[in-house]
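The values are calculated or read from the model by the stated rules, or taken from the named source; none is laboratory data. Treat the numbers as computed from the prediction; the structure is a model and nothing was measured. Don't worry about glycine lacking a Cβ; one is built from the backbone with ideal geometry, like all the others, and counts go over all protein chains shown.
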């Protein structure tokens, strides 16, 4: 059994309104040293697989097909023992 | 200049409908080896700070006050050089 931790973030240069809202919110409660907040998704998935290489290929495919929008998002992931 | 990477996930045992929807979606396109998908947020923040200990205290406070809902979410973070 393996576990995949996938992180999907907006690409650099793509405006991140949610991040901006959080930055403004933090500033309004006194955290004025926080700049450039970017918000993405983290997915944790249990994989019924034992082979790391197969799991990597599979997760790449999932990201390309469904988890990330390649036009505006980039992804990275790590595979570990569950 | 430091960078904080904050991960906010639903606590174990809290139902994650978004994760479930993604799991179903993946299954429907053939990824049937994926189980137990959980989805959280990842925040990347630039901090205009140089002291790691101060930054850690500050990020803890941000999470407690705004970034995570302590009732249903748990958070973790790492601080690194920007």
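Please go through region B:32-56 and pick out each residue that is surrounded by fewer than 19 Cβ atoms within 10 Å (Cβ to Cβ) and more than 7 Å from chain A (Cβ to nearest Cβ).
B:32, B:50, B:51, B:52, B:53, B:54, B:56, listed by residue number.
When both residues are 6+ apart or on different chains and their Cβ atoms are under 8 Å apart, which pairs have a first residue that lies in region B:13-28 and is within 8 Å of chain A (Cβ to nearest Cβ), and a second that is part of a helix (DSSP H, G or I) and modelled with pLDDT of 95 or more?
Pairs that qualify, where the first residue is within 8 Å of chain A (Cβ to nearest Cβ) and the partner is part of a helix (DSSP H, G or I) and modelled with pLDDT of 95 or more, are B:22/A:66; B:22/A:67; B:25/A:66; B:26/A:62; B:26/A:66.
Just checking, does region A:69-78 include any residue being within 7 Å of chain B (Cβ to nearest Cβ), more than 25 Å from residue B:17 (Cβ to Cβ) and at pLDDT 95 or above? Spell out the reasoning first.
Our first condition is that a residue be within 7 Å of chain B (Cβ to nearest Cβ); within region A:69-78, this holds for none.
Within region A:69-78, none of the residues are within 7 Å of chain B (Cβ to nearest Cβ), more than 25 Å from residue B:17 (Cβ to Cβ) and at pLDDT 95 or above.
With the requirement that a residue be under 13 Å from residue B:31 (Cα atoms) and in contact (Cβ under 8 Å) with a residue 40 or more places away in the chain, what does region A:29-61 give you?
Result: A:45, A:46, A:47, A:48, A:49, A:55, A:59.
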